[in-house]
Each structure stands twice: as C-alpha cells, then as structure tokens.
Amino acid sequence: MQLSRDELIQAYRKMATIRAFEERLHDIIATGEIAGFTHLYCGQEAVAVGVCEHLAIEDKIVSTHRGHGHCLAKGCDVTGMMKEIWGSREGLCKGKGGSMHIADIDKGMLGANGIVGAGAPIAVGAAMSCKLDGEGRVAITFSGDGACNQGTTFEAMNMAVVTKAPCIFVFENNHYSEHTGFEYAVGTQKDIASRAEAFGMKVWRADGCDFFAVHDTMREILEYVRAGNGPAAVEFDTERFYGHFEGDPQNYRGEGELDRIRETRDCLKIFRQKVTEAGLLDEAVIDELNEAAEADVDAAVEASRAADRPTAEDVLTDVYVEY
Ligand SMILES: Cc1ncc(C[n+]2csc(CCOP(=O)(O)OP(=O)(O)O)c2C)c(N)n1
C-alpha cells in the first residue's frame, strides 16, 4: 500500500532523529561527559519506525538494552530521553533509568531492559491485558538474536500461544549477541523465526534494512493479530553500525564488514533511494528532514547540559510503589 507524502515524511524524520540522536551520543560519550553504559541502535532504525508507525499510544511495546530507537519511534520526547541518558532529574524517568531503563507508560512504552530476554514475558502480560480489554490493542516485544536463546523468550512464546494473547514477537537479527556471531550461537535451522513457528505461531521474515518491507510486513501481521488469531512473530534481518556497547573496538567483525554494511545496508540511504527514484520525495526534502532532526538533537543536548542534576534526597524517592 502506498504511503501518503505526510506519512513518508513523518517516517523518515523519525528514522533521521534516531540516527542523529545516537550519532551525537556516540561523539559525546567518547568525551566522558555522559556516564553509564550505552548501546546504540544505529543501523536498525527501519525496524523500530516501520513497526511503531502502525501503533497507537494504547498499543504497548517492550524494548531491550538497545532501546533508544524503540522509545523514539513510539513517541517518547527527544529532550526527555536525552536528559534521562544524561542522568538529569528532568529526564523521562527522573534520571533513574538512564540509557538502559527508560520507560514512558503514557506513550505505551513499557520499558527498555538491561536483562536480556526479560522483555518477552512482560509483553505477554501486557498482551493478556489488551485481550481482556477487548479493544483490539496489541503488545510488541523487540528481542535480539541473543535474547531469542533465553529460556524466558521460549516460555513467553509458549504462554502467548496457549493464551492466544495478541502479542507480536519482533526479532531483530543484527547477527551478533555481544561479540558472538548468530550463525555460531543460534542452533536449529540457523534462523530465529523457525523457533516461533515450532511454538505454533504464524511467522514472517523480512529485510529489516528496508523500511517499506518492515512496514508492509507489520501491516499484515497486525491485521492477523488484531483479528483475534493469537500471537505472531517476525524476524527482521538488520545491521548494527556501532559496537555492542560504546567503547567496544569490534575486533570480531570481518574485514571490511562495517564499511560494506554502511555502504549497502544503511536503511536511511535505502529509504532515500527508494523515495527519490519513485518521485515520492525529492533529495532536498530529505536533506531538510536530516537538518531538522539534527536541530532537534542540538536543542536536546543543550537542554540536557543545563538541566538539574539529582539531589541526595532524590535517591530516597520512587524507591517503593504505593498502591
Ligand atoms: C540475562 C542476561 N544475560 C546476559 C547479559 C549480558 N548481555 C547484555 S547484551 C547481551 C547480548 C544481547 O544480544 P542480542 O539479544 O542479540 O541483542 P543486541 O545486543 O544484538 O541488540 C548480553 C549477553 C544480560 N544483560 N542479561
């Protein structure tokens, strides 16, 4: 299905914002100005945006340790995110979540998560509640090829099938779990989707570097799940441009691998090429969207530098939930 001009612009602007946000983080973290462990999502933008462009605020997502892209795609505020990563009390989670534990319940973003494989069970719980509400809402869990090896993910897939929960398992296969290649670590038929199939789910597979492939695939999956067929799974083949964490020298990459994927598998470049060749958007519009994304990130960085730091008293608040 053809997207409207406004839809194309919105999707590209979100992808460009994620890219600009993370490239800026990459530079700033190298200076030591931001503390904490950070995992960048650059390269995978088409997956987060291609999935989330279909969702309403009432649909839920659960993210991973590599969560900035998912958060921004679901509508989390750019400055609130930057302040959070900066550890400011003005951040989305008052600076207590940091890069790996950002959540924004009002946006249906149930949390990034430092525990690999912890997202899927949370999403199944959210999906069960969507089912009880009966309003056609879904819950989506993003998991990497590493997370698909965790028992929690298997249990969650089984539970989703048994309860017919409207849960979508989005597997982002970026070919590495930390420094271990997925061909080495993922058994069976050397893919992830077949595992979900074995649990009785209908599965899809698509190129995660092509926004349009992701978007079209998700449309089909959402129709299927919202129609009450129970859970579904999809494996997107994607690439990560930076190391596992910021500071990772990536010695495990093949020779020329990073240059090759940046040249041929960059989802922003692929989007640009597709829309300009089809005459849907011209180069100047894409350039303006890149500039607008950079300006948003400039403003977020400036605001984060000036933002309040936590006080000693802040340590004692939000420790326990009161019911
Ligand atoms: C339960 C658990 N085991 C191990 C780790 C350490 N760890 C952090 S990220 C990661 C690899 C995750 O790989 P993948 O799921 O493919 O996601 P990617 O980093 O590729 O996005 C591991 C093993 C952890 N955080 N939690």
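The values are calculated or read from the model by the stated rules, or taken from the named source; none is laboratory data. All of these numbers come straight from a predicted model, not from anything done at the bench. Glycine gets a Cβ as well: all are built from the backbone with ideal geometry, and neighbour counts include every protein chain shown. Just the protein is used for accessible areas: all its heavy atoms, side chains included, with ligands, DNA and RNA removed. Shrake-Rupley method; radii C 1.70, N 1.55, O 1.52, S 1.80 Å.
One table, with the values for the structure above:
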| read-out | value |
| --- | --- |
| Cα shape, the stretch 152-294, gyration tensor, a/c 1.5 rule | oblate |
| The chain, relative contact order [Cα under 8 Å, separation at least 6], % | 23 |
| Restricting the stretch 39-111 to GluC sites (Glu not before Pro) in coil, as DSSP defines it, with at most 14 other Cβ within 10 Å | Glu58 |
| Shape call, the stretch 1-137: gyration tensor on alpha carbons, a/c limit 1.5 | oblate |
| Translational diffusion coefficient (Stokes-Einstein; Kirkwood radius from C-alpha pairs) of the stretch 43-87 at 10 °C, 1.306 mPa s, in µm²/s | 144 |
| Cα-based shape type of the stretch 190-245, given that a ≥ b ≥ c are square roots of the gyration tensor eigenvalues and the cut on a/c is 1.5 | oblate |
| Net charge of Cβ neighbours under 13 Å - reference Val49; Lys, Arg +1; Asp, Glu -1 | -1 |
| Rounded accessible area per residue of the stretch 1-153, 1.4 Å, Å² | 35 |
| Surface accessible to a 1.4 Å probe, per residue, for the residues of the stretch 186-323, Å² | 54 |
| GluC sites (Glu not before Pro) within the stretch 251-323, DSSP loop, no more than 11 other Cβ atoms inside 10 Å | Glu255, Glu322 |
| Span-like helix ranges in the chain, DSSP H, alpha carbon extent 20 angstrom or more, Kyte mean at least 0.5 | 119-133 |
| Computed label-point distance, nm, for sites Asn158 and Gln273 using a 7 Å Cα→Cβ extension | 4.4 |
| Dimensions (Å) - the chain, Cα atoms, principal axes, largest first | 56, 51, 41 |
| The chain, accessible surface, carbon-and-sulfur percent (1.4 angstrom probe) | 51 |
| Sparse-neighbour loop sites [GluC sites (Glu not before Pro); the stretch 188-242; at most 12 other C-beta within 10 Å; DSSP] | none |
